[in-house]
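J.: Sending over a structure as structure tokens; questions will come in a sec.
The values are calculated or read from the model by the stated rules, or taken from the named source; none is laboratory data. Being a predicted model, the structure only gives us computed values, none of them experimental. Glycine gets a Cβ as well: all are built from the backbone with ideal geometry, and neighbour counts include every protein chain shown.
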């Protein structure tokens, strides 16, 4: 198994944010991380990225505890994009990509930036300051930054939040296309169920810090007797039952 | 240490300065105002004080050196705050850069930021007030090293507070240097302080730096022992600053503040 999460918990003071979760991610698969706000998705992503120290449990990458890797060794294989995390606003798009390319130690950086800029159609605002861009443009630049190192594991936190349907579709299509051409494992946290159905091989449903269900979209829909993932999500999110 | 990564982080801050003329102007403006203010005060004291009668420019030189310390510390703090303000904090801390490389990058870039502000002000002081810090000669280099180390230390302690308490600690960033200034004996000899405060003041490098600066300008002799003592004290505090920064970083990871910094 490529990524293994074992008994992972996080307690903030007395608040149990993540409660002994276990899941595995196979190499080159896309896993959706779903759940209502405050269910522990961001904390889980934070723990995988090394931004949050787990209170309990372990994370394994290729059967090796993540703590056994050095910080730069493991982080050079990861990347992350979220509309809630921005790139320096006063720097141009090109400068931001150059800096992150250098931080990730990318060889032939100019070529890499050119390739990714063409793919994501961001060349026409390359010299503009990132803070001056529309949210759709910022999102594409953020995605470009997250792919600059050709990560083996990409964590996406609501990558199409607040985007118009056209740009949202562009981002989803790009992720699909990128995945078909590259070896990449994706953990996608999203509230857009159509997006999850389209991009994810399987999903993990979280609620109150716990995993309440998991499986392929089709299997979950069938199991809960609903007609789509959105209805399944609503059923699980609104249910008082402990699964 | 990976110097390419240190350069990359340095470039992030240099681009920020180069992209904005008002930002460059802001860097130059405050030191220049300081020089003007202390230049006139210095001129007044030179003409009216027995203590400073034969030593034109002691106060102004002290003001320049203090501003160097102030700018170094503020530069370090500002660069860290920029990451919080721009909501780039998470991106920075998930990049494969070691914490010591972040500290090194901020330390090295702070000197450039400091010099952009201070060099024009220092040059203005020469024709305007006939005062040049270069009169301190070779010891000036060592005095600046000591001041810089201490300035960066204060920056490290403030950024540790930012990591621990979040952006609400920002006000402390601005106040930190003013808190120590009275004990630093920047413009007056240590004997002015009450005896108990003298003991505390001697534990700071500032007293040794500014006492020696006055000694050089007034007696034209150099006590290198005192200068190196100040460097050692600064180095001691710098090491403590680095340790505190690491403790705050690991504490922030425990509290989860790294993922929502800036919100």
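J.: Scan segment B:118-141 and give yes if some residue there is modelled with pLDDT of 90 or more, within 14 Å of chain A (Cβ to nearest Cβ) and either buried (at least 17 other Cβ atoms within 10 Å of the Cβ) or more than 18 Å from the chain's Cα centre (by Cα) (or both), otherwise no.
T.: No - not one qualifying residue is present in segment B:118-141.
J.: For residue A:207, work out the one condition from (1) touching a residue at least 40 places away in the same chain (Cβ under 8 Å); (2) under 23 Å from residue A:154 (Cβ atoms) it doesn't fulfil.
T.: The single condition residue A:207 does not satisfy is (2).
J.: Looking at residue A:83, is it under 25 Å from residue A:216 (Cβ atoms) and in contact with a helix residue (DSSP H, G or I) (Cβ under 8 Å, 6 or more places away or on another chain)?
T.: no
J.: Consider residue A:102 carefully, then state whether it is under 30 Å from residue A:140 (Cβ atoms), in a helix (DSSP H, G or I) and free of Cβ contacts under 8 Å to residues at least 24 places away in the same chain.
T.: yes
J.: Within segment B:173-184, can one find any residue that is in contact with a helix residue (DSSP H, G or I) (Cβ under 9 Å, 6 or more places away or on another chain), in a loop (DSSP other than H, G, I, E, B) and over 24 Å from residue B:81 (Cβ atoms)?
T.: Within segment B:173-184, not a single residue is in contact with a helix residue (DSSP H, G or I) (Cβ under 9 Å, 6 or more places away or on another chain), in a loop (DSSP other than H, G, I, E, B) and over 24 Å from residue B:81 (Cβ atoms).
J.: Considering each residue of segment A:162-201, count those that are farther than 20 Å from residue A:217 by Cβ and either touching a helix residue (DSSP H, G or I) at 6+ places or on another chain (Cβ under 6 Å) or in a loop (DSSP other than H, G, I, E, B) (or both), and give that number.
T.: The qualifying residues number 6.
J.: If a residue must be within 13 Å of another protein chain (Cβ to nearest Cβ) and under 14 Å from residue A:78 (Cα atoms), how many such residues does segment A:46-64 contain? Step through it out loud before you land on a result.
T.: Applying the first criterion (within 13 Å of another protein chain (Cβ to nearest Cβ)) to segment A:46-64 yields A:46-56.
When the remaining residues are screened for being under 14 Å from residue A:78 (Cα atoms), the result is A:46-51.
So the answer is 6.
J.: Residues to consider are A:7, A:24, A:19; find the one that is free of Cβ contacts under 8 Å to residues at least 24 places away in the same chain and in contact with a strand residue (DSSP E or B) (Cβ under 6 Å, 6 or more places away or on another chain).
T.: A:24
One line per residue, one yes/no per condition, for (1) farther than 29 Å from residue A:180 by Cβ; (2) surrounded by 21 or more Cβ atoms within 10 Å (Cβ to Cβ); (3) away from chain B (no Cβ under 13 Å):
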| position | (1), (2), (3) |
| --- | --- |
| A:18 | yes, yes, no |
| A:27 | no, no, yes |
| A:40 | yes, yes, no |
| A:68 | yes, no, yes |
| A:73 | no, no, no |
| A:111 | no, no, yes |
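J.: Can you give me the number of residues within segment A:147-162 that are surrounded by 18 or more Cβ atoms within 10 Å (Cβ to Cβ) and without any contact (Cβ under 8 Å) to a residue 60 or more places away in the chain? If you could, list the steps in order and put the result at the bottom.
T.: First, the residues of segment A:147-162 that are surrounded by 18 or more Cβ atoms within 10 Å (Cβ to Cβ): A:147-149, A:151-160.
If we keep only those that are without any contact (Cβ under 8 Å) to a residue 60 or more places away in the chain as well, we get A:160.
Adding up the residues that qualify gives 1.
J.: Would you mind stating whether residue B:97 is on the phi < 0 side of the Ramachandran plot and within 14 Å of chain A (Cβ to nearest Cβ)? First the steps, then the outcome.
T.: Numbers: on the phi < 0 side of the Ramachandran plot: yes; within 14 Å of chain A (Cβ to nearest Cβ): yes.
For residue B:97, the condition - on the phi < 0 side of the Ramachandran plot and within 14 Å of chain A (Cβ to nearest Cβ) - is met.
J.: Which of the following residues is closer than 25 Å to residue A:48 by Cβ and either surrounded by fewer than 19 Cβ atoms within 10 Å (Cβ to Cβ) or free of Cβ contacts under 8 Å to residues at least 40 places away in the same chain (or both): A:128, A:198?
T.: On inspection, the qualifying residue turns out to be A:198.
J.: Inside segment B:1-106, counting only helices (runs of 4 or more DSSP H) that do not spill past its ends, which hold 3 or more residues that are under 17 Å from the mean Cα position of the chain (by Cα), buried (at least 23 other Cβ atoms within 10 Å of the Cβ) and at pLDDT 90 or above?
T.: Passing ranges, in order: B:58-85.
J.: Tally time: how many residues in segment A:75-93 are over 19 Å from the mean Cα position of the chain (by Cα), more than 7 Å from every other protein chain (Cβ to nearest Cβ) and surrounded by 21 or more Cβ atoms within 10 Å (Cβ to Cβ)? Please lay out each step first, then the result.
T.: From segment A:75-93, those over 19 Å from the mean Cα position of the chain (by Cα) are A:88-93; that's our starting set.
Remaining after also requiring more than 7 Å from every other protein chain (Cβ to nearest Cβ): A:92-93.
If we keep only those that are surrounded by 21 or more Cβ atoms within 10 Å (Cβ to Cβ) as well, we get A:93.
Looking only at that region, the number is 1.
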